[in-house]
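Peer 1: Below is a structure I'd like to ask you about.
The values are calculated or read from the model by the stated rules, or taken from the named source; none is laboratory data. Computed from a prediction, not measured in an experiment: that's the story for all the values here. Quick reminder, even Gly has a Cβ in these numbers, built from the backbone with ideal geometry, and neighbours come from all protein chains shown. Each accessible area value is taken on the protein alone, full model and side chains, heavy atoms only, with ligands, DNA and RNA left out. Shrake-Rupley method; radii C 1.70, N 1.55, O 1.52, S 1.80 Å.
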Amino acid sequence: VPQGTDLSTDKISKSFSDAQTLFGKIYPKPEFKAFLCYSWLLYPDMTKLLPEDSKIKAFAKNFEIIGTVQDNEQAFENLFGKTYKRPPKIKNPTSLQKLAEENPKAFGFACGIINL
């Protein structure tokens with residue numbers, strides 16, 4: 001999931017639909033059975049802390065989590081930049097940056113699947 005991606009429900013639904021159409025044209029056989037995503041955006045410890053109206057939380061709910069690893073490096077790179085040693089104290093942090101500063105161990109990677 002590229003940084004800055006619109007995670008609104010309609011955009012996510014369209015993306016899944018477009019992916020099914022495209023992959024079906026490129027690889028007509030075998031049939032695709034699932035979508036798989038490996039991202040910090042799916043990490044359950046983090047998503048539990050997000051507000052109910054969070055677009056990240058809504059995106060993550062599409063997936064059944066099949067594996068996790070507690071390594072917050074990718075999340076912190078996306079939230080604070082590529083060069084960091086620990087979450088920096090920044091002016092006017094986003095709510096997600098505040099969450100990471102306050103709960104660094106709540107961030108990691110998760111692998112999720114959507115069976116088709």
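Peer 1: Pick from THR5, THR21: which is without any contact (Cβ under 8 Å) to a residue 60 or more places away in the chain, among the polar types (S, T, N, Q) and in a loop (DSSP other than H, G, I, E, B)?
Peer 2: Working: THR21 fails: in a loop (DSSP other than H, G, I, E, B).
Checking each option against the conditions leaves just THR5.
Peer 1: Further question: Given the criteria over 18 Å from LEU7 (Cβ atoms), open to solvent by less than 30 Å² (accessible area, probe 1.4 Å) and modelled with pLDDT of 85 or more, does PHE76 qualify?
Peer 2: Against the criterion (over 18 Å from LEU7 (Cβ atoms), open to solvent by less than 30 Å² (accessible area, probe 1.4 Å) and modelled with pLDDT of 85 or more), PHE76 qualifies.
Peer 1: Out of LEU79, LEU116, which single residue is in contact (Cβ under 8 Å) with a residue 24 or more places away in the chain and of a type in the set (A, V, I, L, M)?
Peer 2: Just a single option satisfies the conditions, and that option is LEU116.
Peer 1: Consider ASP10 carefully, then state whether it is assigned to a helix (DSSP H, G or I), open to solvent by 100 Å² or more (accessible area, probe 1.4 Å) and among the acidic types (Asp, Glu).
Peer 2: yes
Peer 1: Residues of segment 30-67 being among the basic types (Lys, Arg), within 14 Å of the chain's Cα centre (by Cα) and part of a loop (DSSP other than H, G, I, E, B), which ones?
Peer 2: Passing the criteria: only LYS61.
Peer 1: What's the number of the only condition in (1) free of Cβ contacts under 8 Å to residues at least 60 places away in the same chain; (2) closer than 16 Å to CYS111 by Cβ; (3) open to solvent by 80 Å² or more (accessible area, probe 1.4 Å); (4) not charged (D, E, K, R) that ASN62 fails to meet?
Peer 2: Looking at each condition in turn, ASN62 falls short on (3).
Peer 1: Out of (1) surrounded by 15 or more Cβ atoms within 10 Å (Cβ to Cβ); (2) over 21 Å from the mean Cα position of the chain (by Cα); (3) not basic (Lys, Arg), the odd one out for TYR27 is which?
Peer 2: All conditions pass for TYR27, except number (1).
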